Amino acid sequence: MLNKIIIMGRLTRDPELRRTGSGTAVTSFSLAVDRDFKSQNGEKETDFIDVVAWRSTAEFVSKYFTKGRMAVVEGRLQIRDWTDKDGGKRRSAEVVADNVYFGDSKRDSAGDFGAPASYSAPMGGRSAAPMGGQSDFAEIGEEDGELPF
């Protein structure tokens, strides 16, 4: 079976880091994701998609992402059944994030560029490291002329 989803959008609010009773980090946030097509009245429509990140991915998101920041989330779709306060049965869908990447550049947002470009959740008990191996970036000024590669 395959359950893989990749979405890109802007955070609708600042993520808030919480901890479970056992101390596991978790953060929930929503992404505003524009549809690729316009509606019949010619307007772009937006979907608001709930995302949950766990452990070190949750800590990464809460540290480096803020409202309005563009994010790319790779994960799986999860459907949860629950009961509301009136006893009604409810169902909600959310993306459980495995990887979260920056979807914009420093010029597009006021983010901190000492941050890793992305973070992969640990798999099988192995420790995870930022993608690309380095966590510090140096911006190349336009006056530098040639690229260093």
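The values are calculated or read from the model by the stated rules, or taken from the named source; none is laboratory data. All values reported here derive from a predicted model rather than from experimental measurement. Here Cβ is always computed from backbone atoms with ideal geometry, including for glycine, and neighbour counts include all displayed protein chains.
For residues that are surrounded by 13 or more Cβ atoms within 10 Å (Cβ to Cβ), in a strand (DSSP E or B) and not acidic (D, E), tally how many sit in segment 35-76.
The initial filter retains those residues of segment 35-76 that are surrounded by 13 or more Cβ atoms within 10 Å (Cβ to Cβ), namely 46, 49-66, 68-76.
After this cut, where a residue has to be in a strand (DSSP E or B) as well, the list is 46, 49-54, 70-76.
Retained after the next criterion (residues that are not acidic (D, E)): 46, 49, 51-54, 70-73, 75-76.
Number of matching residues: 12.
With respect to (1) surrounded by 11 or more Cβ atoms within 10 Å (Cβ to Cβ); (2) of a type outside the set (D, E, K, R); (3) not in a strand (DSSP E or B), the lone exception for N3 is condition (1).
Going by the structure shown, is V96 out of contact with any Cys (no Cβ under 9 Å at 6 or more places or on another chain), part of a strand (DSSP E or B), within 12 Å of P15 (Cβ to Cβ) and modelled with pLDDT of 95 or more? Before the answer, list the steps.
On the way: out of contact with any Cys (no Cβ under 9 Å at 6 or more places or on another chain): yes; part of a strand (DSSP E or B): yes; within 12 Å of P15 (Cβ to Cβ): no; modelled with pLDDT of 95 or more: yes.
The answer is no for V96.
Yes or no: segment 71-86 includes at least one residue that is closer than 23 Å to N3 by Cα and without any contact (Cβ under 8 Å) to a residue 12 or more places away in the chain. Looking through segment 71-86, at least one residue is closer than 23 Å to N3 by Cα and without any contact (Cβ under 8 Å) to a residue 12 or more places away in the chain.
Inclusion of S28 among residues that are hydroxyl-bearing (S, T, Y), closer than 14 Å to D98 by Cα and either in a helix (DSSP H, G or I) or under 10 Å from the mean Cα position of the chain (by Cα) (or both) is warranted.
Each row is one residue, and each column tells you yes or no for (1) modelled with pLDDT under 95; (2) on the phi < 0 side of the Ramachandran plot; (3) of a type in the set (D, E, K, R).
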site	(1), (2), (3)
I7	no, yes, no
E43	yes, yes, yes
D50	no, yes, yes
T57	no, yes, no
W82	yes, yes, no
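Beta carbons closer than 7 Å, at least 6 apart along the sequence or on distinct chains, pair a first residue in segment 13-32 that is closer than 18 Å to T66 by Cβ with a second that is of a type in the set (D, E) for L17/E59; A25/E59; T27/E16; S28/D50; S30/D50.
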